Amino acid sequence: MKAQFFDLKNKVVLVTGAARGIGKEIALALSAQGAHVVFNYRGDDSKAIALKEELEAKGGKATPLKFDITDYAAMTTAIDEFTKNVAPISGLVNNAGISKDTLLLRLKPDEISSIIDTNLKGAMMLTQALSRNFLKAENVSIVNMSSVVGLMGNVSQAAYAASKAGLIGFSKSVAKELASRNVRSNVICPGFIKTDMTETLSDKVKEEYAKSIPLARMAEPSEVADLTCFLLSNASSYITGEVIKIDGGLYI
Amino acid sequence: MELQEKVVKLVSEATKMDAANINLNTSFVDDLNLDSLDMVELMMKMEDEFGVEIPEDETENLKSVGDVVNYLKAKSH
């Protein structure tokens, strides 16, 4: 039995990176709560329509917006059109993220750029592009998907860890800057979650991780989605600027 | 209602300051203690009321009620 957050019904929430992994699970969970899920996509229109239909089958509404998280012009055009013609956006989940695991000594400048541009700059640009809208919307809650790696660092993940740590400073600043308008901003730091991203890790790495997790298992993406719903809802109305680990005790 | 009256009314509603104490010389920062976020919100209200767009970098030059009235007059011509 899932917790029901009644104020999420019809709440308009933009989720980035909703095509798969944690982002998709969040979109599904929000749909089940009756929210209006807005998600961006890059290429394939038919996949976006399929996701829209899958979400609406759970409940609520879903709207795909076509823009790349690294393209500010396309982003602002799509968002302005939506917020002017449909509804203000009162929830944002900055979830889109990429990772390219490689030792620092092999890390190339363009790999650093693409990781920072997507994971950190993309979230910053999107939040910036929505900030005017946030002043008009009510009960705004922003959730930034960081990583436990952003807190503890990790071998072969220097750029990824830096981007995720950057999100924490960003989120805390947004929390302070917009608090007087009742806009909240929080960070979730997932640990080892069963997604495509962690599937690419070698079995040896997975085994080592599992050994260091007190709860001795990987998490289901839905467990992160539940926490996201809580932070987007008024059940967390006095929580802002917070960083919440969901890692089974991996980093204590 | 005249443009100036409308602007004063909006400023009064936004700041909870008696409209009688607001005139063209009233400064947003010095007299009304508005911070930069308050200013953005006030300009958004002006945009909605008068159906104009006030770009962010022009907001910086609007320091008094008179500045806004003049700006809106210029825009409407």
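Below is a table of values for the structure above.
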read-out: Residue-normalised accessible area of the protein assembly as shown, given per residue in Å² at a 1.4 Å probe; value: 51 Å²
read-out: Nitroxide proxy distance, nm - points 7 Å out along Cα→Cβ at residue A:199 and residue A:251; value: 2.5 nm
read-out: Residue A:235-residue A:53 pseudo-label distance in nm [points 7 Å out on the Cα-to-Cβ vector]; value: 3.2 nm
read-out: Kirkwood Rh, Cα atoms: Rg over Rh of segment A:154-204; value: 1.14
read-out: For residue A:244, residues with placed amide H under 5 Å, excluding near neighbours; value: A:187, A:188, A:189
read-out: Charge sum, other residues only, whose C-beta stays under 13 Å from residue B:24's C-beta, Lys/Arg counted +1 and Asp/Glu -1; value: -2
read-out: Volume per residue of the C-alpha convex hull in chain B, rounded to whole Å³; value: 83 Å³
read-out: Highest average packing first - A:82-92, B:60-70, Cβ atoms within 10 Å; value: A:82-92, B:60-70
read-out: Buried accessible area, chains B and A (both chains, 1.4 Å probe, Å² to nearest 100); value: 800 Å²
read-out: Shielding by other protein chains, B:35-46, mean Cβ within 10 Å; value: 2
read-out: Built amide H within the under 5 Å cut-off of residue A:63, gap 5+; value: A:37, A:38, A:39
read-out: Distance histogram for segment B:1-43 (every C-alpha pair counted, 10 angstrom bins, percent rounded to whole numbers); value: 29, 62, 10
read-out: Protein accessible area in chain A, 1.4 Å probe - carbon and sulfur %; value: 55 percent
read-out: Top positive-direction residue, dipole computed over segment A:6-243 with Cβ charges, set A:240, A:69, A:219; value: A:240
read-out: Under the span-like rule (Cα at least 27 Å along the axis, Kyte-Doolittle mean at least -0.5), DSSP H helices of chain A; value: A:158-178
read-out: DSSP beta bridge pairing in the protein assembly as shown, given as percent antiparallel to the nearest 5; value: 5 percent
read-out: Separation between Cα centres of segment B:3-77 and segment A:148-227, rounded to whole Å; value: 43 Å
read-out: Anisotropy class of segment A:52-93 from Cα gyration tensor, a/c 1.5 cut; value: prolate
read-out: Most to least accessible of A:132, A:181, A:20, A:42 (protein chains only, probe 1.4 Å); value: A:42, A:20, A:132, A:181
read-out: For the protein assembly as shown, the spread of Cα positions along each principal axis, largest first, Å; value: 74, 45, 37
read-out: Mean projected area (nm²) of the alpha-carbon convex hull when segment A:1-106 is viewed from all directions; value: 8.5 nm²
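The values are calculated or read from the model by the stated rules, or taken from the named source; none is laboratory data. In this text the structure is predicted, and so the values were computed from the model without any measurement. Glycine also receives a Cβ, built like all others from the backbone with ideal geometry; neighbour counts cover every protein chain displayed. Please note that ligands, DNA and RNA were not included when accessible areas were found on the heavy atoms of the full protein model with its side chains. Shrake-Rupley method; radii C 1.70, N 1.55, O 1.52, S 1.80 Å.
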